[in-house]
Each structure stands twice: as C-alpha cells, then as structure tokens.
1. Could you point to the residue in 69, 110, 153 farthest towards the positive end of the chain's charge dipole, with +1 and -1 charges on the Cβ of Lys/Arg and Asp/Glu respectively?
2. If you take the square roots of the eigenvalues of the alpha-carbon gyration tensor of region 188-315 and sort them as a ≥ b ≥ c, do you get rounded (a/c under 1.5), prolate (a/b over b/c) or oblate?
3. Residue 83: accessible area at probe 1.4 Å, nearest 10 Å²?
4. I want to check the label-to-label distance for residue 405 and residue 312. Put each point 7 Å from Cα in the C-beta direction and report it in nm to one decimal.
5. With springs connecting C-alpha atoms under 10 Å apart, model the chain as a Gaussian network and identify which of 369, 337, 138 has the largest mean-square fluctuation.
6. Just how much of residue 21 is accessible, in Å², when a 1.4 Å probe is used and the result is rounded to the nearest 10?
7. Could you give the angle, 0 to 90 degrees to the nearest 10, between helix 287-296's Cα long axis and the longest principal axis of the Cα atoms of the chain?
8. Work from the charge dipole of region 15-166 (Cβ charges, +1 for Lys and Arg, -1 for Asp and Glu, about the Cα centre) and give the residue of 99, 27, 52 farthest towards its positive end.
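The values are calculated or read from the model by the stated rules, or taken from the named source; none is laboratory data. None of these values were measured; they are calculated from a predicted model. For neighbour counting, all protein chains shown are included, and Cβ atoms are generated from backbone atoms with ideal geometry for every residue, glycine included. Side chains included, ligands, DNA and RNA excluded: accessible areas come from the protein's heavy atoms. Shrake-Rupley method; radii C 1.70, N 1.55, O 1.52, S 1.80 Å.
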Amino acid sequence: MADTLTVTDNRTGKTYELAVTDGTINAMDLRKIRVSDDDFGLMAYDPAYKNTASCRSAITYIDGDQGILHYRGYPIEQLAVQSSFLECSYLLLKGELPSPSAMARFRHEVTHHTLVHENTRELLDGFRYDAHPMGMLISTIAALSTFYPEAQNVTNEENRWLQIVRLIGKVPTLAAYAYRHRRGLPYVYPDNELSYSGNFLNMLFKMTERTYVPNPAAERALDVLFILHADHEQNCSTSAMRGVGSSRVDPYSALAAACAALYGPLHGGANEAVVRMLNEIGTKDNIPSFVKRAKEDKNVRLMGFGHRVYKNYDPRAKVIKELAYDVFEALGKNPLIDIAVELERIALEDDYFIQKKLYPNVDFYSGLIYQALGLPMDMYPVLFAIGRTVGWLAQWEEMLRDPEQAISRPRQIYTGPAIRDYVPLSER
Ligand code: ACO
C-alpha cells in the first residue's frame with residue numbers, strides 16, 4: 001500500500017496525491033491544491049498547533065496514551081533513579097550517555113561557568129524588594145547577552161557550545177541571586193566542590209557557616225526534579241525557544257523568551273496552584289465536596305490533574321510521588337501529602353476523571369517537595385526553569401543544525417476590513 005493520501009478538491013473536482021511520511025503530510029504540499037492559477041493555494045489552519053508537527057526531533061519521545069517519556073531513548077524512570085542531572089544534560093545535548101572522561105570534562109566545563117559578572121548584582125539591586133524571582137531571572141538571563149556579545153555568532157558550533165555550558169552553569173546562580181534578593185540576604189558565590197544541585201542549595205541557603213553542607217536527601221531530590229523537568233519536546237516554552245532562536249538571535253535572548261513563556265500560569269505555574277488548592281481543602285473530610293465542585297463547576301479544576309498530551313498517569317508524577325516520601329523522611333513530613341494522596345485516590349476512582357482520562361501530572365506532587373525544602377511558592381517556576389534550560393538548549397542546537405528549519409513565520413487567515421481610503425482626522 002502506497003504511503004500517500006488521495007484528496008479530491010470538491011471545488012474543482014481535481015484529485016491530488018500527497019505523500020505521507022512519518023504519519024504526516026507536508027503542509028507545503030497543500031499549496032498545489034488551487035482553484036485557479038492566481039490562487040495562493042490551500043493552507044492548514046491550526047491555532048495553538050494542536051495537530052501540527054513543527055520539527056523533526058531526536059531528543060524526547062512521549063507516548064501520552066501509554067504514559068511514556070524517554071530522553072534519547074532512555075526511559076525517564078531509569079534516568080531518575082540511576083543518572084544525575086548533569087549526565088542527563090549531556091545526554092540531551094549530545095545524544096549519547098558520556099564516557100567517564102567526557103562526563104568529567106563536561107562537569108568541569110559547567111562548574112567553571114557558574115560565576116556571573118559582578119555587575120549582575122547591581123542589576124538585581126535595581127529590582128524592588130518584593131520583585132517576583134521569575135521576572136528577575138528572565139531579565140538577568142537576557143542581560144547575559146550583553147556580557148557575551150560573541151554569542152551572536154550562532155553559526156559557529158564551538159561558540160554555541162561555550163554559550164550552552166555558560167547557561168547551564170549560570171542559570172542556577174541567577175536563580176539563587178533572585179531568591180536572595182527577595183530575602184534581603186547577601187548573594188552567595190558558587191562552590192565548585194559541590195554537585196550541581198548541592199551548589200544550588202548552597203547559593204540559596206548558606207548563612208554564616210564557613211562551608212555549606214547540603215542535606216543529601218534534599219540534594220538528590222532537587223537533582224531528580226531537574227532531571228524530570230529537563231525536556232518535554234515541543235511544549236510552549238520550547239516552541240518559544242525554537243521560534244525566537246530561529247531569527248538567529250543569541251541564545252541568552254532566546255532563552256529569556258523561553259523562560260518568559262514558562263512564567264505563564266498555564267505552563268510553569270500549576271505546581272503552585274496545587275499547593276494553594278491543597279491548603280484550601282485543608283482536611284481530608286473536605287475532599288469529596290471539593291471533587292464534586294471540580295466536576296460540576298467549570299471554573300474549578302483539580303489542579304495537577306489532566307494534561308494535553310498524557311491521557312494516562314504522567315510518568316514523572318509517579319517518580320515524584322515516591323521521591324516526596326524520601327524527602328519527608330529526611331526533612332520532616334509535609335502534612336499536605338496525606339490530603340494529596342487521598343485526593344488522588346478518590347479522583348482516580350471517580351467516573352468523571354476516569355472517563356476524561358484525567359490523571360496526576362508532574363505538578364501534583366512537586367510543589368510539596370519544594371515546600372518541604374523550604375522554598376517559597378514563587379520560586380517553583382524558577383526551579384522548573386533551571387531543569388528545562390538544558391532542554392531548551394538541546395532543542396535550540398538541534399533546530400540550528402536542521403537544514404529543513406528556517407525563520408519561524410506562520411501564516412494567517414486575514415479577517416479584517418477590505419481595502420478602504422484613509423479619512424483625515426478633521427473629517428471624521
Ligand atoms: N479538573 C477537572 N476537570 C478537568 C481537569 C481538571 N484538572 N482537566 C480537564 N478537565 C475536564 C475539562 O473541564 C474538560 O471537560 P469537558 O470535556 O466536559 O469540557 C475535559 O476535562 C478536557 O479538558 P481540556 O481543558 O479541554 O483539556 P486540555 O488538554 O486542553 O487541558 C490541562 C489540559 C490544561 C492541563 C487541564 O487538564 C487542566 O487545566 N489541568 C489543571 C491544571 C494543571 O494541572 N496544569 C499543569 C499541566 S502540566 C504542565 O504544564 C507542566
């Protein structure tokens with residue numbers, strides 16, 4: 001059977017054969033379907049890209065019906081238990097797990113790019129005492145482009161790699177500085193003796209002690225959360241990274257744009273909403289009435305449930321749920337976990353959630369861990385951004401190497417007025 005699609009245009013009676021490759025038709029092939037010689041040709045209309053593949057990608061595989069997530073072919077469950085965030089970063093960027101020497105080199109490169117230019121402190125000092133850390137992070141990431149003007153040369157592979165390791169090294173520093181600014185605390189310089197996540201905890205929480213010793217459970221939890229958030233194929237912020245990067249702007253500016261997309265409540269803000277919801281529910285007794293409201297009132301949703309792609313248990317949520325118990329054992333239990341577990345149990349037995357295939361997503365349990373680590377809610381999207389930085393960069397690199405890609409520029413269906421003559425202000 002030929003891999004083609006035969007389409008008859010009922011406007012003209014003409015029949016066309018379109019190639020089907022990897023389960024898709026090439027949208028440009030539609031352009032040959034025309035009603036007349038001067039017709040522009042048929043286009044596909046797809047607001048929010050619900051059914052359009054914008055690229056070919058070899059980085060992340062998701063099967064939403066089965067609840068499967070792979071990075072470069074490796075199941076997320078295996079990576080979360082056996083790998084580290086830096087190793088996963090290498091995997092996402094390079095396509096293969098590193099050899100021991102490549103891993104050591106990569107670790108060295110990233111840790112030696114953790115310092116930021118001292119002027120960054122002055123930049124942060126310009127923000128109000130209560131500035132949202134995500135706003136500060138977006139601004140300081142964008143500002144990095146002014147410190148590294150050579151980053152504009154995005155056609156040079158070696159130069160791109162330098163900016164990639166700089167960003168992986170510096171984003172946690174900027175994130176921690178934003179947090180310290182909020183708290184009125186002095187900024188803490190990176191400690192290169194610590195792991196990636198251990199150093200981040202150091203930059204967040206070090207007070208007057210000579211050397212900060214991270215709690216191993218907190219360090220591991222953070223590392224696993226970074227792994228779980230590292231990439232998720234063509235989501236809103238990644239599409240922003242690719243779209244902005246397609247103009248060949250430097251990666252700092254493109255990454256600031258991706259980070260801005262993540263700031264939105266529909267993307268990086270749901271874990272905060274889960275914690276607020278669990279606080280509002282308050283006790284297990286209130287769960288049934290809340291679930292009832294979530295089913296009946298279209299304005300109330302069970303936050304942390306449901307996903308555009310996953311119509312099964314989000315594999316990341318499974319890992320995070322187990323991780324939560326490890327963290328609570330080490331740092332003390334977050335009482336909201338009992339409400340969350342009971343809420344999950346009741347929802348998963350309810351016909352409404354079963355029929356609509358609504359399962360816990362990555363955000364359902366992650367906020368509880370962040371809370372146990374002592375982080376305020378407005379830092380949750382910042383933590384998401386640290387992990388996702390590597391995914392944004394891997395996708396950016398892949399986009400720049402792809403000969404099929406060009407500047408991102410969708411079409412539109414014009415719905416405005418037809419041509420009309422300008423009327424001077426005095427005559428209106
Ligand atoms: N609680 C109650 N009902 C829900 C929920 C929920 N959490 N999620 C979806 N539904 C219902 C909708 O009301 C809708 O019902 P209808 O068909 O009777 O109108 C149906 O399920 C389908 O929902 P849509 O919103 O059309 O599904 P979509 O794929 O567009 O949305 C989304 C997915 C936004 C994640 C949605 O499930 C939601 O709002 N969940 C809560 C917020 C959340 O947890 N977001 C984090 C997502 S993960 C991430 O971004 C990292």
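1. Ranked along the dipole, the leading option is 153.
2. Since a/c reaches 1.5 but b/c is at least a/b, the shape of region 188-315 is classed as oblate.
3. Approximately 10 Å² of residue 83 is accessible to the 1.4 Å probe.
4. 2.9 nm
5. Result for the chain, Cα springs under 10 Å: 337 fluctuates most.
6. My reading of the accessible area for residue 21 is about 70 Å².
7. Roughly 20 degrees between the two axes.
8. 99
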